[in-house]
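Undergrad: The structure that follows is given in the form of structure tokens.
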Amino acid sequence: MAIISCKSLTKQYGAKVLAVDKLDLDIEEGEVFGLLGPNGAGKTTTISMLCTLIHSTSGQASVAGFDIKKQPSKVRQNIGIVFQEPSVDDLLSGRENLELHGMLYGMKEQDRNARIGEMLELVGLTDRANDLVREYSGGMRRRLEIARGLMHRPKVLFLDEPTLGLDPQSRTHIWDYIRRLSKEHGTTMVLTTHYMEEADLLCNRIGIMDLGKIIALGTPRELKSKIGEDIVRLRGAVDADKIRKLKFVRKAAQEDGITTVALVDAPVNLQALLKVVGRVDSVEVREVTLNDVFLHYTGKEIHKEEGEGGWFERVARSGGNRA
Amino acid sequence: MPELHGIYAVWKRELLVYIREKERVIGSFVSPLLWLFVFGSGIGGGMYAGASGSGGYQAFIFPGILTMSVLFVSMFYGLYIIWDRKLDFLKEVLVAPVSRSSIFLGKVSGGMTDSLIQGVIILVIGAFLIVPISPLQFVGTLLVLALLTFFTTSLGLIMGANLHSQEGFALVMNFVMWPMFFFSGALFPVSQLPSYFEPISLANPVTYAVDALRTIILGQSLFPFYLDIAILSVFSFLAAVLGVISFGHLQQAK
Ligand SMILES: Nc1ncnc2c1ncn2[C@@H]1O[C@H](COP(=O)(O)OP(=O)(O)O)[C@@H](O)[C@H]1O
Ligand SMILES: [Mg+2]
């Protein structure tokens, strides 16, 4: 049985805002599941409902086998959460924040102190543990928040934009720990992010969310292969129609003298492609990234009028310089 | 069912925050003095010239001032819930595996601690300068204050849990706190009120707290002591039930 299961889970704010729209989703035990989506997609709202922090408007969900509406306290016994918005206490020291957390989760003093030391070490706050959080930088607060969410070793861990605003070094640190937690303890994790590399690196399955719905679901590889495997960008005079006839080409679009081609297995097929194309000024090859997938799905949703090709024009336009 | 470790964790957090918020600590020292001397000596003096017993009017209103100051602190404590919900600790507590009754009781004990610290300060100053009291009277007074602040802190928390803005809280607070104070007999005997106010006074739980304190400190009373305590206890119990229900419905603001 899935450890998290949502059936038509819905959250409506007021008359207008449908933050989560009949969400159906199953997450298996031990998965690291990524919810990927633009701001306002409904990721945080979904997590808040699953954590029993806000009531759903309709539909059902269970976490660790317990119904979020009927058995919220059982759900709470099995989860941990790293909030998107800071929630560590300013007037307490880092250590005190963790101590209170341990007390709330009924950890015995010895176990608690050991874990506090371990977690502080993990997030690199050992030296500053006794300073008030008020004196911490934004990144330090974030790290403390993460330490706190992980501290009681929950069965299911929700991480809402966990590395938002962190420097690259701390981010890599947290990534390592997330992977270790998954491997050594089998902790199920639900992670929201808008960093594509993060989702690609950490998650074994990804749901792309937009306007309260999951619009694409699968492993990073599955999602990417729906678009093609590689992208080739050609500068110069190129006949796009001729390219589209090649059977390994999925799509081709032209803009400003640059032709962007999505194809399978570029290492093998590039030569055949170039033979058809003829002379060009420059060639650039790269793998399809989740970013392309994201643009594909959300682009289609947001700009329905652009039709099928809409996303691809945007890939072409945004060129190689993606954030 | 409330869990002790949960109550303790919430209480400890409240205490740490209280100690670190300099304004709150300084406020605890300054406002009681203002109440005691400005109100007790000057403004109120003309209101009730025929104060009986030793010490005159200042002694007569001493239990009332004590009540007023803890009433104020304990009810205002409910305002923090509104802030808390917008940020910090509340989210963390709401998602923890402790019952809402523990969270409520932890918050209540936090608010009681704040108010009782202030109560003790006034009591000590008053004992030296206005009405000398014995250690036994001191302890008795604290117990009555504890019962009173359990009720008033709960009331403040119920308001805080059900209201969403600070302005709304301040408004409701004015409509609840001032009548409770003025119709309690804190500043003048209930018997001096126009008779049509009498039912309001009798329905007001604070009346019984003031009466109980006056019984202990001055030996003057309107009602039997056990009745004061019984009525206060009933009100406290009802407030606790309502409080736990309100906290049960509490959701994160965003
Ligand atoms: N408390 C609230 N009241 C009204 N609308 C809200 C509230 N919280 C979120 N929303 C709206 O719900 C939608 C989803 O928000 P959210 O779940 O925070 O998205 P995400 O986390 O994916 O950025 C947004 O349109 C947001 O404005
Ligand atoms: Mg969010």
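The values are calculated or read from the model by the stated rules, or taken from the named source; none is laboratory data. Keep in mind that this is a model prediction, so the values were computed, not measured. Cβ coordinates were reconstructed from backbone atoms using ideal geometry, including for glycine residues, and neighbour counts include every protein chain displayed. The area values use the complete protein model at the heavy-atom level, side chains included, leaving out ligands, DNA and RNA. Shrake-Rupley method; radii C 1.70, N 1.55, O 1.52, S 1.80 Å.
Undergrad: Out of the residues in segment A:194-227 that are out of contact with any Ser or Thr (no Cβ under 8 Å at 6 or more places or on another chain) and among the hydroxyl-bearing types (Ser, Thr, Tyr), which is nearest to A:Ser48 (Cα to Cα)?
TA: Filtering segment A:194-227 for residues that are out of contact with any Ser or Thr (no Cβ under 8 Å at 6 or more places or on another chain) and among the hydroxyl-bearing types (Ser, Thr, Tyr), the one nearest to A:Ser48 (Cα to Cα) comes out as A:Thr219.
Undergrad: Return the only residue of A:Val75, A:Val63 being under 21 Å from the mean Cα position of the chain (by Cα), among the hydrophobic types (A, V, I, L, M, F, W, C) and more than 13 Å from ligand 2 (Cβ to nearest atom).
TA: Going through A:Val75, A:Val63 in turn, just one is under 21 Å from the mean Cα position of the chain (by Cα), among the hydrophobic types (A, V, I, L, M, F, W, C) and more than 13 Å from ligand 2 (Cβ to nearest atom): A:Val63.
Undergrad: Follow-up question, since we're still on this one. Go through segment A:216-249 and give me each residue that's surrounded by 16 or more Cβ atoms within 10 Å (Cβ to Cβ) and within 28 Å of the chain's Cα centre (by Cα).
TA: Hits for segment A:216-249 are A:Ala216, A:Leu217, A:Pro220, A:Leu223, A:Lys224, A:Ile227, A:Gly228, A:Glu229, A:Asp230, A:Ile231, A:Val232, A:Arg233.
Undergrad: Shifting gears a bit: Out of the residues in segment A:141-168 meeting the condition of being in a loop (DSSP other than H, G, I, E, B) and either under 17 Å from A:Leu120 (Cα atoms) or acidic (Asp, Glu) (or both), tell me which one is nearest to ligand 1 (Cβ to nearest atom).
TA: Checking each candidate, the answer is A:Glu161.
Undergrad: A further question on this structure: Can you give me the number of residues within segment A:158-175 that are more than 9 Å from A:Arg142 (Cβ to Cβ) and either within 13 Å of ligand 2 (Cβ to nearest atom) or open to solvent by 60 Å² or more (accessible area, probe 1.4 Å) (or both)?
TA: 9
Residues are listed down the side, and each one gets a yes or a no for (1) within 18 Å of B:Gln251 (Cα to Cα); (2) out of contact with any Ser or Thr (no Cβ under 9 Å at 6 or more places or on another chain):
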| site | (1), (2) |
| --- | --- |
| A:Lys16 | no, yes |
| A:Ala19 | yes, no |
| A:Glu28 | no, no |
| A:Asn39 | no, yes |
| A:Gly42 | yes, yes |
| A:Ser58 | yes, no |
| A:Lys70 | yes, yes |
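Undergrad: Could you count how many residues in segment A:176-191 are open to solvent by less than 30 Å² (accessible area, probe 1.4 Å) and within 15 Å of the chain's Cα centre (by Cα)?
TA: 5
Undergrad: Of all residues in segment A:20-41, how many are open to solvent by 10 Å² or more (accessible area, probe 1.4 Å) and either within 11 Å of ligand 1 (Cβ to nearest atom) or among the aliphatic types (A, V, I, L, M) (or both)?
TA: 5
Undergrad: With the structure loaded, tell me whether A:Asp67 is within 14 Å of ligand 1 (Cβ to nearest atom), open to solvent by less than 40 Å² (accessible area, probe 1.4 Å) and either more than 14 Å from chain B (Cβ to nearest Cβ) or touching a helix residue (DSSP H, G or I) at 6+ places or on another chain (Cβ under 9 Å) (or both) or whether it fails that test.
TA: Answer is no for this residue.
Undergrad: Within segment A:78-92, count every residue that is open to solvent by less than 10 Å² (accessible area, probe 1.4 Å) and more than 9 Å from every other protein chain (Cβ to nearest Cβ).
TA: Looking only at that region, the number is 1.
Undergrad: Could you please give the count of residues in segment B:183-214 that are closer than 28 Å to B:Ala127 by Cβ and open to solvent by less than 60 Å² (accessible area, probe 1.4 Å)?
TA: Final tally of qualifying residues: 20.
Undergrad: Quick check: is even one residue across segment B:88-110 free of Cβ contacts under 8 Å to residues at least 12 places away in the same chain, open to solvent by 10 Å² or more (accessible area, probe 1.4 Å) and either outside any helix (DSSP H, G or I) or aromatic (Phe, Trp, Tyr) (or both)?
TA: yes
Undergrad: Could we say that A:Leu53 is within 16 Å of ligand 1 (Cβ to nearest atom) and within 13 Å of chain B (Cβ to nearest Cβ) here?
TA: yes
Undergrad: Report whether or not A:Ser62 is more than 24 Å from A:Thr219 (Cα to Cα) and open to solvent by less than 60 Å² (accessible area, probe 1.4 Å).
TA: No.
Undergrad: Just checking, how many residues over segment A:154-173 are hydroxyl-bearing (Ser, Thr, Tyr) and in contact with a helix residue (DSSP H, G or I) (Cβ under 8 Å, 6 or more places away or on another chain)?
TA: Here the count works out to 2.
Undergrad: Same structure again: Filter segment A:93-129 for residues that are of a type outside the set (Phe, Trp, Tyr) and not in a helix (DSSP H, G or I); which is nearest to the other protein chains (Cβ to nearest Cβ)?
TA: Per the stated criteria, the residue is A:Gly106.
Undergrad: If you don't mind, there's one more thing I want to ask. Just to verify a result, which residue in segment A:197-213, among those that are more than 15 Å from ligand 2 (Cβ to nearest atom) and aliphatic (A, V, I, L, M), is most open to solvent (accessible area, probe 1.4 Å)?
TA: Here the residue is A:Leu201.
Undergrad: Confirm whether B:Ile229 is open to solvent by 40 Å² or more (accessible area, probe 1.4 Å) and part of a helix (DSSP H, G or I).
TA: Taking the combined requirement at face value, the residue satisfies it.
Undergrad: With the structure loaded, tell me whether A:His194 is more than 17 Å from the chain's Cα centre (by Cα) and open to solvent by 10 Å² or more (accessible area, probe 1.4 Å) or whether it fails that test.
TA: no
Undergrad: Testing A:Lys7 on (1) open to solvent by 70 Å² or more (accessible area, probe 1.4 Å); (2) modelled with pLDDT under 95, one condition comes back false. Which one is that?
TA: Result: A:Lys7 passes all but (2).
Undergrad: Out of the residues in segment A:1-38 that are within 16 Å of ligand 2 (Cβ to nearest atom) and within 14 Å of another protein chain (Cβ to nearest Cβ), which is nearest to A:Ala199 (Cα to Cα)?
TA: Applying the filter and picking the extreme gives A:Ala19.
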